[in-house]
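Any read-out appearing in this document is the output of simple, stated calculations on the displayed coordinates, not a laboratory observation. In this text, all values refer to a predicted model and were calculated from it rather than measured experimentally. Don't worry about glycine lacking a Cβ; one is built from the backbone with ideal geometry, like all the others, and counts go over all protein chains shown.
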Amino acid sequence: MELNITAIKKEARQFIDTDRKWLTMGLACLPITLITTALEGGSQVAQRFSDNEGGFQFSISFGGGFISWLLIPFMVAIAGYFLNHLRGANPHWKSLYHEGIDRYGKYIVVGIITDLIIALWTLLLIIPGIIKSYEYYFVNYIIHDNPNLDHKQARDLSKRMTNGFKSDLFILDLSFFFWYLLVAVTFGIASVYVAPYTNCTKAMCYENLKHNALVNGLARPEEFGIYPVPQENFDNNSPFVNDNNTVEYSEPVVEETNFDNDINE
């Protein structure tokens, strides 16, 4: 399988431009995007103007990093929010924040451990750190689809999915450089369009590589939270029964939490 980045980006643009979906999705993510943009900008300002104030610079950097860690559950929820849009669930914007709150403990543990592992590899050598970051590129999407996985299982699954595709994902991120620059110079306002564009593109890449992993036996459906539907639950019109009347699999099953009630508000 070849990951056609150009085609996926084009499809993502078409998706968010339909009925101006980008506006709804962008406004839903705007508070988090503005916070992360402010943290990055504050860190850069501190480095620029506090060369002789090492303690102050460290405090700013540490504080920004700490707040970024606190936002990890909402970054996972953002990944799930765009996946749900692509899957036709039409989630309400409140579902993003409900998910982040309801699964806060689970998501923050997985996110912090993953970030620490990448950071440790980066401290040893930069290149291995970059490689690790792309091995774990889809951890957020995986843990959204199946929050029953622990941090090791989520990283292992992401590693299998990205094997042979890390360079494609690196090129994908490079291709967004000027879009990210636009967000920075507009103090985060441009993220109303850029966030839906980049996040939908990455979510589409996840769906493509998930399909590739399942088709090629690199992963089991249950690892993605996809479970077989009992035969007695099928009727003649069930979308999960194939031509041979055998059991197929349902879409990812999400744990029952408060945010599920907002999906189709």
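Placing +1 at every Lys and Arg Cβ and -1 at every Asp and Glu Cβ, with all other atoms neutral, what dipole size does region 88-188 have around its Cα centre, in debye to the nearest 20?
The dipole of region 88-188 has a size of about 120 debye.
What pairs in 21/159; 10/166; 94/132 have C-alpha atoms more than 28 Å from each other?
As for pairs spanning more than 28 Å Cα to Cα, those are 21/159; 94/132.
What full-extension length gain, to one decimal in nm, is calculated for residue 185 and residue 211 as 0.36 nm per residue of separation minus the Cα-Cα distance?
Extending this stretch completely gives an extra 5.7 nm.
For an R0 of 22 angstrom, estimate the FRET efficiency from the Cβ-Cβ distance between residue 122 and residue 17 and round to the nearest 0.05.
About 0.05, to the nearest 0.05.
Once you have the Cα-Cα distance between residue 171 and residue 131, take 0.36 nm times their residue separation minus that, and quote the gain in nm to one decimal.
Extra length from residue 171 to residue 131 when fully extended: 13.1 nm.
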